[in-house]
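Below is one structure, written out as structure tokens, with a few remarks after it.
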Amino acid sequence: MNTTNYILELLISGITTFTWIELLFLALFGHHLSSLDLQLNTSNALIIIFILAPFCYIFGTIGDRVSEMIWDKISRKKLEDSADHEKRQEWRSLIYIHSEQLTNLFEYGKLRVRICRSWVLNGTLIFLPAPIYINSNSFIFDYHSIRLYFLVFIELIIFLSIIGAATSIKELYRKEIKFLKQQSKFFNA
């Protein structure tokens, strides 16, 4: 797999992990930070992004491992029971040995699974503190009714994207098994 894609994937995962950590922190302590009056301009925003990028990568790596452990325990085993694990390993090896293009296609599918899996975890962890953050910060919207509509809208979008990502993971696993089976038949023939 292309190293750049993997780094980008871990940065995406890390940014979403960092987002829920920041939201939780601001939800709990944000009203105390308003007196600091942190002003960001273009020059120091780039410095902050440069400083945070390695932390996002680390958070992404940890988040990827945690989301994989959770996913394996919850539902992946059910999907993998439908195809013999050793057989799939054999099928995967045939693809890696015989075709770089098919290997890249297979790895792209795995990349999409990891991004969706990471979003299910991180999206859920963003979904939980978002109402606390939005309700505790009156500067977002001065009027309570507008703030409530905004909260419902944001929460609905996050919830639907989590459901969509979880559904996508299941479908991507099914397609992976089908892909491996078809390609192994081709290489064995």
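Structure summary
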{"read-out": "Selected residue [exposed (fewer than 13 other Cβ atoms within 10 Å of the Cβ), of a type in the set (A, V, I, L, M), under 14 Å from the mean Cα position of the chain (by Cα) and at pLDDT 85 or above] from I163, I126", "value": "I163"}
{"read-out": "Subset of segment 75-100 that is surrounded by 15 or more Cβ atoms within 10 Å (Cβ to Cβ) and of a type in the set (G, A, S) - its residue that is modelled with the lowest pLDDT", "value": "A83"}
{"read-out": "Members of segment 167-189 found to be in contact with a Phe, Trp or Tyr (Cβ under 8 Å, 6 or more places away or on another chain) and either farther than 20 Å from I97 by Cα or without any contact (Cβ under 8 Å) to a residue 12 or more places away in the chain (or both), listed by number", "value": "I169"}
{"read-out": "Test for R117: is it crowded, with 16+ Cβ neighbours inside 10 Å, of a type in the set (K, R) and at pLDDT below 85", "value": "no"}
{"read-out": "Single residue of F106, F25, F29 found to be loosely packed, with under 11 Cβ neighbours inside 10 Å, at pLDDT 75 or above, assigned to a helix (DSSP H, G or I) and of a type in the set (A, V, I, L, M, F, W, C)", "value": "F29"}
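The values are calculated or read from the model by the stated rules, or taken from the named source; none is laboratory data. The model shown is predicted, which means the values in this text are computed figures rather than measured ones. Positions of Cβ are backbone-derived with ideal geometry, glycine not excepted, and every protein chain shown enters the neighbour counts.
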